[in-house]
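Everything on this sheet refers to the single structure shown next.
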C-alpha cells in the first residue's frame, strides 16, 4: 500500500463521491477507482460499498480510514521535521480561511507577511470550516482562520479578535437613517442570507438568541451564494442582510448603508488554529503577530 492510496481513501471518505474525490486528488476518476480497488484487494477487505449514486463506508473501512489519516499525518510530520532545521521562514506556509473572512483579511495579511517575512511564500485558500478542518488535520494546510467555537484534538486554537455584525440595507430602506437596529426587528424586513452549509449563516443564528428567533419567525428567507452576491442583491433593492464588520468597508456606496445593532450586539470571535505538532513555531509566531496587527487596524475596529 502507498501514501497515495491512503490519501485517495481519506478523500473519498470525506467527499463520498468518486468524481469529487478524483478532482480533489488531481487524478482521473478511473485512476482513483483502480487504486482504491487495488488497496482493497491487497487488504482483502471492502472499504467502500459502491452504489449507483452513493458511496458508503463499511465498518472495517472506517477503522482503516482512521489509521490512514493517522499515517498521513505522521508522514507529513516527517516532512515537517526535515524542514525544521532549515530556515522556518523560507518554506511556503499554507493558510486557509472561511469564505466570509478570507477576501477581506488575505490582502492585508499577504502584504504584512511580505514585509515581515519576505522569503516565506504563502499558499492561501478559502473554504468552508468543515473542509478546512479536514485539510488542517491531514497536513494539506498548516493553519486556518475560522470562527469560534472550533474544537479538534491535537490542534491549538487561539482567539484573534471579536467582530460585530452589522445590518446591510439599501439606501432607500426605511431603516437606513437609524443609528442602531434591534435584532428582534429583523422579523419585520425581507432578509437575504447565505445558503445552507455556509458557516456564517450558522454564526448569525448562534450569535444572538433574539436574532435566531427573529429569523426563525420568518420561516423562510432568500439566499445568496456569497456575501458579495448578497451585497449586490441588497443594492438592487431585493432585501436586506447581515454582514460581518470586515465587510462593512466594501459595502458602503450610494446604494448601500450599514447600521450597527443595538446591545447586545451579535458577532463572532475569529481565531487561528494549527496542529500542535507543527514544528515551524517561528512561522506561526510571525503569522500571529501579523494577524494581531491587522486586527488593531480600522478594518476590524467597530465603527
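So between residue 41 and residue 176, what do we pick up on full extension, going 0.36 nm a residue minus the alpha carbon distance?
42.1 nm
Calculation over all alpha carbon pairs of segment 30-139 in 5 angstrom steps from 0 returns a P(r) of 2, 9, 13, 15, 16, 14, 11, 9, 7, 4, 1 percent. Label-to-label distance for residue 56 and residue 292 is 5.1 nm, based on points extended 7 Å past Cα in the beta-carbon direction. Ordering 163, 206 from the fewest to the most neighbouring beta carbons within 10 Å gives 206, 163. The long axis of helix 102-116 is offset from the longest Cα principal axis of the chain by roughly 70 degrees. The order of 17, 198, going from fewest to most other C-beta atoms within 10 Å of their C-beta, is 17, 198.
Based on the Kirkwood radius over alpha-carbon pairs, what is the Stokes-Einstein translational diffusion coefficient of segment 3-84 at 20 °C with 1.002 mPa s viscosity, in µm²/s?
So the translational diffusion coefficient is about 163 µm²/s.
Residue ranges 118-128, 272-282 sort as 272-282, 118-128 when ordered by packing (mean number of other C-beta atoms within 10 Å per residue, highest first). Multiplying the residue separation of residue 185 and residue 122 by 0.36 nm and removing their Cα-Cα distance gives an extension gain of 18.4 nm. If R0 is 41 Å, the Cβ-Cβ spacing of residue 2 and residue 157 corresponds to a FRET efficiency of close to 0.80. A compact globular protein would have a Cα radius of gyration near 2.2 N^0.38 Å; the ratio found for segment 230-296 is 1.60.
Exposure proxy shown here: for 59, 293, the number of other Cβ atoms within 10 Å sets the order, fewest to most, as 59, 293.
Taken over the chain, the convex hull of the Cα atoms encloses 153 Å³ per residue. Rounded to the nearest 0.05, what FRET efficiency do residue 20 and residue 226 give with R0 = 25 Å and r taken as the Cβ-Cβ distance? Could you check? Efficiency at R0 = 25 Å is approximately 0.80. What is the log10 of I(q)/I(0) for segment 91-192, computed with the Debye formula using one identical point scatterer on each Cα and no solvent, at q = 0.12, 0.18, 0.23 Å⁻¹? Values, matching the q order: -0.58, -0.93, -1.23.
Here, each number is a calculation from the coordinates, and none is a lab measurement. These numbers were taken from a predicted model, which means no experiment stands behind them. Positions of Cβ are generated from backbone atoms using ideal geometry, with glycine treated the same way; all protein chains shown enter the neighbour counts.
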